[in-house]
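One structure is given here, and the rest of the page talks about it.
The values are calculated or read from the model by the stated rules, or taken from the named source; none is laboratory data. Note that the coordinates shown come from a computational prediction; the quantities given were computed from them, not determined experimentally. As a convention, Cβ positions derive from the backbone with ideal geometry for all residues, glycine included, and neighbour counts pool all protein chains shown.
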């Protein structure tokens, strides 16, 4: 019998509290939750590949597992760029502060 080797490369999850209603009524809270989830995912070795539009059931996010430090560094830069755009777009002052392990 031949042994097959498999690995999980990514997935999709739904965040049911990040609804369209929250997005429309309190965008700052919605975006803060999104950033918190994004940071958590990066710490778990996951990089978001697509954030779906929020609906009444919540927000889905597709992700892939990072395979090396270069991918991790690029993913952190993508998050920093998103924060900059978000702060300009909706007038927030979100920032990313490195923490010691």
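From the list 12, 43, 80, 56, which one is in contact with a strand residue (DSSP E or B) (Cβ under 6 Å, 6 or more places away or on another chain) and surrounded by fewer than 17 Cβ atoms within 10 Å (Cβ to Cβ)? Step through it out loud before you land on a result.
Numbers: 43 fails: in contact with a strand residue (DSSP E or B) (Cβ under 6 Å, 6 or more places away or on another chain); 80 fails: in contact with a strand residue (DSSP E or B) (Cβ under 6 Å, 6 or more places away or on another chain); 56 fails: in contact with a strand residue (DSSP E or B) (Cβ under 6 Å, 6 or more places away or on another chain).
Step by step, each of 12, 43, 80, 56 is checked, and only 12 is in contact with a strand residue (DSSP E or B) (Cβ under 6 Å, 6 or more places away or on another chain) and surrounded by fewer than 17 Cβ atoms within 10 Å (Cβ to Cβ).
So, of the residues in the range 63-77 that are out of contact with any helix residue (DSSP H, G or I) (no Cβ under 7 Å at 6 or more places or on another chain) and in a strand (DSSP E or B), which turns out to be surrounded by the most Cβ atoms within 10 Å (Cβ to Cβ)?
64
Name the single residue that is modelled with the lowest pLDDT among those in the range 83-101 being surrounded by 11 or more Cβ atoms within 10 Å (Cβ to Cβ) and outside any helix (DSSP H, G or I).
96
Which one of 80, 36, 53, 60 is at pLDDT 95 or above, farther than 21 Å from residue 9 by Cα and outside any helix (DSSP H, G or I)?
Numbers: 80 fails: outside any helix (DSSP H, G or I); 36 fails: outside any helix (DSSP H, G or I); 60 fails: farther than 21 Å from residue 9 by Cα.
Exactly one of 80, 36, 53, 60 is at pLDDT 95 or above, farther than 21 Å from residue 9 by Cα and outside any helix (DSSP H, G or I), namely 53.
Here are the criteria: (1) part of a loop (DSSP other than H, G, I, E, B); (2) over 22 Å from residue 87 (Cβ atoms); (3) at pLDDT 95 or above. Tell me which single one residue 7 does not satisfy.
Failed condition: (3).
Hey, among the residues in the range 34-51 that are without any contact (Cβ under 8 Å) to a residue 40 or more places away in the chain and touching a helix residue (DSSP H, G or I) at 6+ places or on another chain (Cβ under 8 Å), which one's nearest to residue 89 (Cα to Cα)?
Our first condition is that a residue be without any contact (Cβ under 8 Å) to a residue 40 or more places away in the chain; within the range 34-51, this holds for 34, 36-37, 40-51.
Okay, now just the ones that are also touching a helix residue (DSSP H, G or I) at 6+ places or on another chain (Cβ under 8 Å), so 42, 45, 47-48, 51.
Working: 42: 24, 45: 28, 47: 23, 48: 21, 51: 17 Å.
Across the range 34-51, the extreme among qualifying residues is 51.
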